[in-house]
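The block underneath contains the structure these notes are about, expressed in structure tokens.
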Amino acid sequence: MNTPESQGSALKSECVNASSVLDNLTNIIDSAMKNQYFSMVYQPLFSMQNSKLIGFEALIRCHCPQFGNISPDKLIPHAEESGQIIELGEWIIQQVLLDLKRFLQYGLKDIVISINVSAVQIANTDIFNQIMTLVERLDIPTRCIKLELTETALIQNPKVIAKVFDAFQKEGVQIWVDDFGTGFASLSLLREFKVNGLKIDKSFVDGIATCNDDFTLCSAIVAMAQRLGMHIVAEGIEDEVQLQILNQLGCDTAQGYLLGRPATFEDNLKRWR
């Protein structure tokens, strides 16, 4: 029986555990890299026009035996701050491109995989040669790769990022702005970066059917992107009403739990092959 005392103890234990995770993230990341506690999952993306699977977003997961599952929302910002994102990002890129190669070999010929990259990686590594070397070695079409960077990250080192992105685009790799609408990048940066697409943040999608402001913002983002010739993905779709509204507004691609949760390479292959 759950008494108030037992519930209080459980809550206190959860808070202590959460605090321990935050205090030990550097060691957790180091241990996870050494002991292979990291894994990749892939969330499907669908065409709004015909509901066809068009690709996946690659997402990292970490299960630590001592602390359990570590949230990416805590993991990635700490890795960026500590510099561990350099090694972790290199592992992510290698694993995702290996999985992309396997998806293509198993018959998913027309898919695109989105890889989240960090401004820290772009500024401190030769991410262009890192990715293009793997692409050449694995014989992967560059049209199958999208790189995503958050709107906030764009303003950290815009000249360097723009130069790297331009090099990728010349090779056929697409560049996307993630979580659009939540950062502080000016609209002029969209012209400077010449991005291929935008992802409407889940926080706007959540309220699109109930909040006039969210509906208006989503409508404005879609209209602006269409005028600029950009592709639009709406992420975080969780019910049919949201999907219907976004389809009517003219979004190109849908992503969210309503359509498909993040799953392992093997589970996605079983479902979509």
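The values are calculated or read from the model by the stated rules, or taken from the named source; none is laboratory data. Since this is a predicted model, take the numbers as computed values, not measurements. Cβ: placed from backbone, ideal geometry, glycine included. Neighbour counts: every protein chain shown.
For residue 204, state whether it is closer than 19 Å to residue 146 by Cα, of a type in the set (Phe, Trp, Tyr) and buried (at least 21 other Cβ atoms within 10 Å of the Cβ). Full working, then the answer.
Details: closer than 19 Å to residue 146 by Cα: no; of a type in the set (Phe, Trp, Tyr): yes; buried (at least 21 other Cβ atoms within 10 Å of the Cβ): yes.
No; evaluated as a whole, the condition is false for this residue.
Filter the range 68-81 for residues that are out of contact with any strand residue (DSSP E or B) (no Cβ under 9 Å at 6 or more places or on another chain) and buried (at least 16 other Cβ atoms within 10 Å of the Cβ); which is farthest from residue 124 (Cα to Cα)? Full working, then the answer.
From the range 68-81, those out of contact with any strand residue (DSSP E or B) (no Cβ under 9 Å at 6 or more places or on another chain) are 68, 73-74, 77-81; that's our starting set.
Within this subset, residues satisfying the condition of being buried (at least 16 other Cβ atoms within 10 Å of the Cβ) are 78-80.
Numbers: 78: 16, 79: 14, 80: 11 Å.
My answer is 78.
Taking the criterion of being closer than 17 Å to residue 235 by Cβ and among the hydrophobic types (A, V, I, L, M, F, W, C), would at least one residue in the range 124-145 satisfy it?
Within the range 124-145, the first condition is being closer than 17 Å to residue 235 by Cβ, and the residues that meet it are none.
No.
Evaluate the range 172-189: report whether one residue or more is modelled with pLDDT of 95 or more, more than 17 Å from residue 253 (Cα to Cα), not in a helix (DSSP H, G or I) and not polar (S, T, N, Q).
yes
May I ask you to list the residues in the range 227-270 that are touching a strand residue (DSSP E or B) at 6+ places or on another chain (Cβ under 7 Å), small (Gly, Ala, Ser) and farther than 13 Å from residue 208 by Cβ?
Across the range 227-270, the qualifying residues are 260, 263.
Any residue that is closer than 15 Å to residue 56 by Cα, of a type in the set (A, V, I, L, M, F, W, C), outside any helix (DSSP H, G or I) and in contact (Cβ under 8 Å) with a residue 12 or more places away in the chain - is there at least one of those in the range 122-144?
No.
Restricting to the range 133-164, name every residue that is closer than 17 Å to residue 90 by Cα and in contact with a Phe, Trp or Tyr (Cβ under 8 Å, 6 or more places away or on another chain).
Within the range 133-164, the subset closer than 17 Å to residue 90 by Cα is 133-138, 145-149, 164.
Selection gives 146, 147, 148, 149, 164.
Can we say residue 103 is in contact (Cβ under 8 Å) with a residue 60 or more places away in the chain, buried (at least 20 other Cβ atoms within 10 Å of the Cβ), closer than 23 Å to residue 169 by Cα and touching a Pro at 6+ places or on another chain (Cβ under 7 Å)?
Numbers: in contact (Cβ under 8 Å) with a residue 60 or more places away in the chain: yes; buried (at least 20 other Cβ atoms within 10 Å of the Cβ): yes; closer than 23 Å to residue 169 by Cα: yes; touching a Pro at 6+ places or on another chain (Cβ under 7 Å): no.
No: the conditions fail for residue 103.
Which residues, counting only those in the range 127-184, are within 19 Å of residue 100 (Cα to Cα) and acidic (Asp, Glu)?
Correct list: 136, 139, 148, 171.
Can you tell me which of 95, 169, 156 is surrounded by fewer than 20 Cβ atoms within 10 Å (Cβ to Cβ) and not in a helix (DSSP H, G or I)? If you could, list the steps in order and put the result at the bottom.
On the way: 95 fails: not in a helix (DSSP H, G or I); 169 fails: not in a helix (DSSP H, G or I).
None of the other options fit; the residue is 156.
Please work out which one of (1) farther than 30 Å from residue 136 by Cβ; (2) within 20 Å of the chain's Cα centre (by Cα); (3) touching a residue at least 24 places away in the same chain (Cβ under 8 Å); (4) surrounded by fewer than 17 Cβ atoms within 10 Å (Cβ to Cβ) is the condition residue 257 fails and give its number.
Every listed condition holds for residue 257 apart from (3).
I'd like the full set of residues that are surrounded by 19 or more Cβ atoms within 10 Å (Cβ to Cβ) and among the aliphatic types (A, V, I, L, M), limited to the range 118-133.
Scanning the range 118-133 gives 119, 120, 122, 127, 131.
Please give the helices (runs of 4 or more DSSP H) falling wholly within the range 209-273 in which 1 or more residues are modelled with pLDDT of 95 or more and over 22 Å from residue 56 (Cα atoms). Steps first, please.
Details: elements: 212-227, 240-249, 265-272.
Because the criterion is at least 1 residues that are modelled with pLDDT of 95 or more and over 22 Å from residue 56 (Cα atoms), the helices (runs of 4 or more DSSP H) in the range 209-273 that meet it are 212-227, 240-249.
Pick from the range 32-56 the residues that are in a helix (DSSP H, G or I) and of a type in the set (A, V, I, L, M, F, W, C): which of them is nearest to residue 145 (Cα to Cα)? Write out each step before concluding.
Going residue by residue through the range 32-56, those that are in a helix (DSSP H, G or I) are 32-35.
Still in the running and of a type in the set (A, V, I, L, M, F, W, C): 32-33.
On the way: 32: 26, 33: 24 Å.
Filtering the range 32-56 for residues that are in a helix (DSSP H, G or I) and of a type in the set (A, V, I, L, M, F, W, C), the one nearest to residue 145 (Cα to Cα) comes out as 33.
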